[in-house]
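Undergrad: Okay, here's the structure, questions in a sec.
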Amino acid sequence: MKKIFIILIILLLLTGCYNYKELNEISIISSISIDKEDDEYLVGAQIMNAKQDEESENSQVIVYTSKGKTINEALRNMTMKSPSKLYGGHLSKLVISEEVAKEGIINVIDMFQRLTEIRNEFTITVAKDIDAKNVIKVMTSPESVPAEYVKTSLESADLSSALSYSTKLDEFASLYLKKGIDPVIAVVEVKNFKKKGTTTDNTSTTDPVSKIVLGNIGVTNEGKLEKFLTKNETIGYNFIRNQVQEMLIPVKCDDKYYSSISVLGNDTKTDVKKVNNKYKININVNTKGIIAEYNCSKNLTKDSTIKELEKNTEKKIRYYINKALEAQTNTKGKFLGLERTIYLDYPKYSNEDYNVKISVNVELNRKGEIRNSSKGAKD
Amino acid sequence: MNTKISNKGFASIIFFVSQSMFLGVGLTQILNSSNQNSPMAILLGSILGLIVLYLFLKIFDYEKDLTVFEKFEKLYGKVLGNIINLLLVLLFAFYFIYTLWSIQIYIQNKYLDKTPSIIILVLFLIPVVYSVNKGIKPIAKLSSIIFIISFIEIILSIFGLTSVLEIDNLKPFFETPFSIILKNSLYFISYFLTPVFLMLTVPKNQIESSKKVNKNIIIFYIFGCINFILLFTFIIGIFGIELSQLFYYPEFTLVKKINYFNFIEHVENILSTQWLFSLFMSSVMSLLFMNKYLEHNKINKKIIYYGFIILSLFISTILFKNTTIGYSLVKRYFSILYTIPIFLLLLISFIISRFKKNKD
């Protein structure tokens, strides 16, 4: 009898029903935007529309905006507009306006690190030349949730182009705190932002009015956005930081035409030596790739042609890296982390000058379906 | 019917009780002081800790039929022995209240932020009191079951975290002065081995194949140490030391990173249960310590025992004003109030027992 009584009490207490919330009672936030307006933060929250179904023409997301002195206050103020409690457990993107980023990205991330329900695995992006709130309003296709669209675009850019780099919150905070390195941040832009772009009409056409496009990366210094890198500088940055997985390098193969080298694997090793009280950093790049396109008339079956192509690819990679190094000398932010490389081996390093030596080795293993180009075979 | 306590089950208790002081206290203290050399401090602490474990095992071996209270009465005489026992019970009564406070803070922080503390504690205390009332045999069995669960969790965590580990985060090696590493290795011993004293509640002869129990305790001790070396390595290797130092519970934040095959995520609530188990076992062992003391002194058990449980339920919710004060007080006074007296007691008891043995 006693046991049954205890079991009954436990059954009643352990139902998991205490303070529970039904799915339709919470608003799942997929992305958040942060702008500045009248000395306050203007926070936008993109909420997943749980009531939307396949046949409905309603948007899959709804965007609410609200102001506050802090991000949390702005989100709380949003409860006056949103019918249900905001839930941040599925947040996948944070868009910060250029103004806020320049004032300090570090000033707005504390809440996201502090709240348990939020996972630190979302990407931080800067909205270039547009308000952050407008980025999360643009309707996209084929991914109908704009946050997912940006997330998958960034993942795809990271994986296959080396033209961007997505930094997650944890990584941003970790690099900000580390000595001798500063984090970078992904950039999003909206081409031709129009009111129509925020409606479902934008997704039902082959040529959307407004489009979200990825920019290259932004460099930070002491948690503040310092400048944006160009395409070549971004590629160079990714090579130095060993973040290139796959990409395409256009390489000149005669006076007029180009070939495409598809990088299928890259390994960059950075080491440092102290010679005569001077630090020497060696950046060793080992790249493997295939010939993905060849529009010249040279004979590709000859080893010398392949060797020449490899040399030209090496030159191009060296060019990218030099561009990134040049960008580094013109910025305060240590985005390449070369000082950190020195610090890890020589902890007493204190910002002395250092030399950088680059060595690049490219191996082109395959040529695809054809041995030679049609042009080369005819000649 | 076999009335003896399972050998491995009993030995596995060391794995859990040794973890309890690290949640919110030990981990952050060692991380903040030893920096990226924390795994080294743990390794050194594990080796030095064998000395303390040796003392513990020697006292455990002394008069195998007696409980810890009877042993101290025999070693120090009735009066002094009673005073020591009373002081120990008071210390571990406060330790029990602290574990309740700690679990309540941890659960509210990580799982049930809206649930009132009292509900969390009542639900937590029901199995604790039930286990203690059933005695050490079911507790040892329970320990062996939850050890298997924890072991699987550890393996799964390692499997999920290895891919995001960055060895560079552990560099520069040997930057922290050796004196600090040594100091932190002593803190590790303090947090790891002080609660192990609770295991002396059980007379050795009550354990099946008692000759093997020392060996198994050492095995579980080594396993616990390896677990901590890996934990510190993964925390620093994944977050970098600077970010790791920010977290209250870096071990929980660590398992938040796990993502199996790019689609199984949000598994932190499952993989972090070993920390709940450790607090559970610590509460069980400290309450058992009290229970056995009351039994030993033939005091009207039920009133004091249940009175203490109800009282601790309320005290633990208001024990510290906030987590900052709570954790910093524990960090400051645990070694002085608990570790030094207990380790000294073990050492003196060991010397007296040797002396008595030689005399006999």
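The values are calculated or read from the model by the stated rules, or taken from the named source; none is laboratory data. Just so we're clear, the structure is a prediction, and the values are computed from it rather than from any experiment. Cβ atoms come from the backbone with ideal geometry, glycine included; neighbour counts cover every protein chain shown. Heavy atoms of the whole protein, side chains included, go into the accessibility calculation; ligands, DNA and RNA do not. Shrake-Rupley method; radii C 1.70, N 1.55, O 1.52, S 1.80 Å.
Undergrad: Which angle between 0 and 90 degrees, to the nearest 10, do you get for helix B:301-317 versus the longest principal axis of chain B when only C-alpha atoms count?
TA: 20 degrees
Undergrad: What does the average come to when, for each residue of peptide B:236-245, you count the partner chain Cβ atoms lying within 10 Å of its Cβ?
TA: On the way: counts 0, 0, 2, 6, 8, 3, 7, 11, 2, 1.
Whole-number average of other-chain Cβ neighbours for B:236-245 is 4.
Undergrad: With unit charges on the beta carbons (Lys and Arg positive, Asp and Glu negative) and the dipole taken about the Cα centre of chain B, which residue among B:F174, B:I97, B:N259 sits farthest to the positive side?
TA: The one lying farthest along the dipole's positive direction is B:I97.
Undergrad: Oh, and also: How far, in degrees from 0 to 90, does helix B:340-359 lean away from the longest principal axis of the Cα atoms of chain B, to the nearest 10?
TA: It is inclined by approximately 40 degrees.
Undergrad: Something else now. Check each residue of region A:164-191 and keep those whose accessible area, probe 1.4 Å, is at least 20 Å² smaller with all protein chains in place than in the chain alone; give them in order of residue number.
TA: Residues shielded by partner chains are A:D170, A:S174, A:L177, A:K178.
Undergrad: Below 8 Å between Cα atoms, with a sequence gap of 6+, how large is the relative contact order for chain B in percent?
TA: Working: 421 pairs, mean separation 143.8, N = 360.
Relative contact order comes out at 40 percent.
Undergrad: Interface size between chain A and chain B, please: total buried accessible area, 1.4 Å probe, rounded to the nearest 100 Å².
TA: The contact between B and A buries close to 2200 Å².
Undergrad: Counting pairwise Cα distances across region A:135-272, what percent come out greater than 21 angstrom?
TA: Numbers: 5048 of 9453 pairs.
Value for region A:135-272 (Cα pairs over 21 Å): 53 percent.
Undergrad: Order of A:97-104, B:314-321 by packing, highest average Cβ count within 10 Å first? Walk me through the numbers before you get to the answer.
TA: On the way: A:97-104: 19.8, B:314-321: 14.9.
With the highest mean Cβ count within 10 Å placed first, the list reads A:97-104, B:314-321.
Undergrad: Now for a separate question. Based on DSSP H runs of at least 4 residues, each adding -39500 (n - 2.57), what is the mean residue ellipticity at 222 nm of chain B after dividing by all its residues, to the nearest 500 deg cm²/dmol?
TA: Values: 16 runs with 264 residues, N = 360.
Mean residue ellipticity, 222 nm, calculated: -24500 deg cm²/dmol.
Undergrad: Grab the beta carbon distance between B:F314 and B:Y111, set R0 = 25 Å, and tell me the FRET efficiency rounded to 0.05.
TA: Values: r = 22 Å, r/R0 = 0.87.
Computed FRET efficiency for B:F314 and B:Y111 comes out at 0.70.
Undergrad: Could you pull out every one of the aspartates and glutamates with an alpha carbon less than 14 Å from that of A:K280, ignoring same-chain neighbours closer than 8 positions?
TA: In chain and number order, the partners are A:D271, A:E339, A:D345, A:E352, A:D353.
Undergrad: Separate question: How far is helix B:323-334 tilted off the main Cα axis of chain B, in degrees rounded to 10, range 0 to 90?
TA: Taking the Cα atoms of chain B, the angle to B:323-334 is about 50 degrees.
Undergrad: Let me ask something additional. Which pairs break 22 Å Cα to Cα here: A:K227/B:K257; B:K183/B:K212; A:K102/B:K110; B:K71/B:K298; B:K141/B:K212; B:K78/B:K359?
TA: On the way: A:K227/B:K257 30 Å; B:K183/B:K212 33 Å; A:K102/B:K110 33 Å; B:K71/B:K298 17 Å; B:K141/B:K212 17 Å; B:K78/B:K359 20 Å.
Long pairs (Cα-Cα over 22 Å): A:K227/B:K257; B:K183/B:K212; A:K102/B:K110.
Undergrad: Okay, next question. On the Cα set of the protein assembly as shown, report Rg and Dmax in Å, please.
TA: That works out to 31.3, 109 Å for Rg and Dmax.
Undergrad: Which value at 222 nm does chain A reach when only helices count, each DSSP H run of 4 or more adding -39,500 (n - 2.57), with the total divided by all residues and rounded to the nearest 500 deg cm²/dmol? If you can, show how the numbers build up before the last one.
TA: Working: 11 runs with 109 residues, N = 379.
Per the formula, -8500 deg cm²/dmol.
Undergrad: Separate question: Scan around B:I5 for amide H atoms under 5 Å from its own, H built in the peptide plane at 1.01 Å from N, and keep only partners 5 or more places away or cross-chain.
TA: B:I207, B:E208
Undergrad: OK, next. Of A:S166, A:S304, A:S27, which has the largest mean-square fluctuation in a 10 Å C-alpha GNM of chain A?
TA: Highest fluctuation of the listed residues: A:S304.
Undergrad: Determine how many Å³ per residue the convex hull of the Cα atoms of region B:88-213 encloses. Don't skip to the end; give the middle numbers.
TA: On the way: hull volume 25.7 nm³, N = 126.
Dividing the Cα hull volume of region B:88-213 by its residues yields 204 Å³.
Undergrad: Considering only the other residues whose Cβ falls under 15 Å of the Cβ of B:L75, what net charge follows from Lys and Arg at +1 and Asp and Glu at -1?
TA: On the way: positive: B:K58, B:K64, B:K71, B:K74, B:K78, B:R354, B:K356, B:K357, B:K359; negative: B:D61, B:E63, B:D65, B:E70, B:E73, B:D360.
For residues surrounding B:L75, the net value is +3.
Undergrad: Straight-line reach from A:K311: which aspartates and glutamates have Cα under 20 Å away, leaving out those fewer than 8 places along the same chain?
TA: A:E246, A:D254, A:D255, A:D267, A:E293, A:D303, A:E363
Undergrad: Over the protein assembly as shown, with every protein chain in place, what whole percent of the accessible area is carbon and sulfur at 1.4 Å, could you tell me?
TA: Numbers: 19870 of 34640 Å².
Carbon and sulfur: 57 percent of the exposed surface of the protein assembly as shown.
Undergrad: Still on this structure: Assuming R0 = 45 Å, can you tell me the calculated FRET efficiency for the pair B:T324 and A:N276, based on Cβ-Cβ distance, to the nearest 0.05? Present the calculation step by step, with values, prior to reporting the outcome.
TA: On the way: r = 50 Å, r/R0 = 1.11.
The formula returns an efficiency of 0.35 here.
Undergrad: Please figure out what share of the DSSP beta bridges in the protein assembly as shown is antiparallel and state it in percent, rounded to the nearest 5.
TA: Numbers: 52 of 80 bridges.
Roughly 65 percent of the beta bridges in the protein assembly as shown run antiparallel, per DSSP.
Undergrad: Please report the net charge: other residues with Cβ closer than 13 Å to the Cβ of A:V188, K and R +1, D and E -1.
TA: On the way: positive: A:K93, A:K128, A:K133, A:K137, A:K151, A:K191, A:K211; negative: A:E98, A:D129, A:D131, A:E189.
Net charge in that neighbourhood comes out at +3.
Undergrad: Let me ask another. Given a cut-off of under 8 Å on Cα pairs at least six residues apart, what relative contact order in percent is computed for chain A?
TA: Details: 790 pairs, mean separation 49.0, N = 379.
Result for chain A is 13 percent.
Undergrad: What is the distance, in nm, between label points placed 7 Å from the Cα along the Cα-to-Cβ direction at A:N361 and at B:R354?
TA: 6.1 nm
Undergrad: I'd like the distance between the alpha-carbon centres of region A:97-153 and region B:113-163, rounded to an integer number of Å.
TA: Here the answer is 38 Å between Cα centres.
Undergrad: Sticking with this one: Between the DSSP loop rule and a limit of at most 16 other Cβ atoms within 10 Å, which GluC sites (Glu not before Pro) in region B:117-185 are left? Working shown, then result.
TA: On the way: sites: B:E153, B:E166, B:E175; in loops: B:E166, B:E175.
Sites meeting the loop and neighbour criteria: B:E166, B:E175.
Undergrad: Can I ask one more? Can you tell me which aspartates and glutamates have their Cα less than 15 Å from the Cα of B:K74? Leave out same-chain residues fewer than eight positions away.
TA: Output for B:K74: B:D61, B:E63, B:D65, B:D360.
Undergrad: Could you do me a favour and compute the accessible area per residue for chain B, 1.4 Å probe, result in Å²? Walk me through the intermediate numbers first.
TA: Details: 15290 Å² over 360 residues.
Per-residue value: 42 Å².
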